């Protein structure tokens, strides 16, 4: 039973570290870009869009489809970076232990 109590204590400590990491991620911002930096999107750590910058040269009414594609690409880039950062921080907390997404400790 000592081992079980020790395991539960470790799980509880890991959960506290994960909550701290999640709070830190939520407070950060991640920037994504497309079109060689002509479109830039900033997301919160939760994935909410905070801002978007568009080079005025792209505001050609005849090129709206391209502009729309660049906005989508910039959002995807920011989201990919956010996911990478979250995975990196999770690796630090779990010590390389691969946990399923959304896994909560203790069990």
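The values are calculated or read from the model by the stated rules, or taken from the named source; none is laboratory data. Just so you know, these numbers come straight off a predicted model, no measurement behind them. Every residue, glycine as well, gets a Cβ built from its backbone with ideal geometry; the counts of neighbours run over all protein chains shown.
The table below gives the values:
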quantity: Where a residue in region 2-17 is touching a residue at least 24 places away in the same chain (Cβ under 8 Å) and its partner, wherever it lies, is in a helix (DSSP H, G or I), with Cβ under 9 Å and at least six apart; calculated: 14/93; 14/94; 17/92; 17/93; 17/94
quantity: Tabulated pairs, region 68-95, first closer than 14 Å to residue 41 by Cβ, second in a helix (DSSP H, G or I) and modelled with pLDDT of 85 or more, C-beta under 9 angstrom, 6+ apart or interchain; calculated: 70/58
quantity: So residue 22, is it closer than 14 Å to residue 85 by Cα and without any contact (Cβ under 8 Å) to a residue 24 or more places away in the chain; calculated: yes
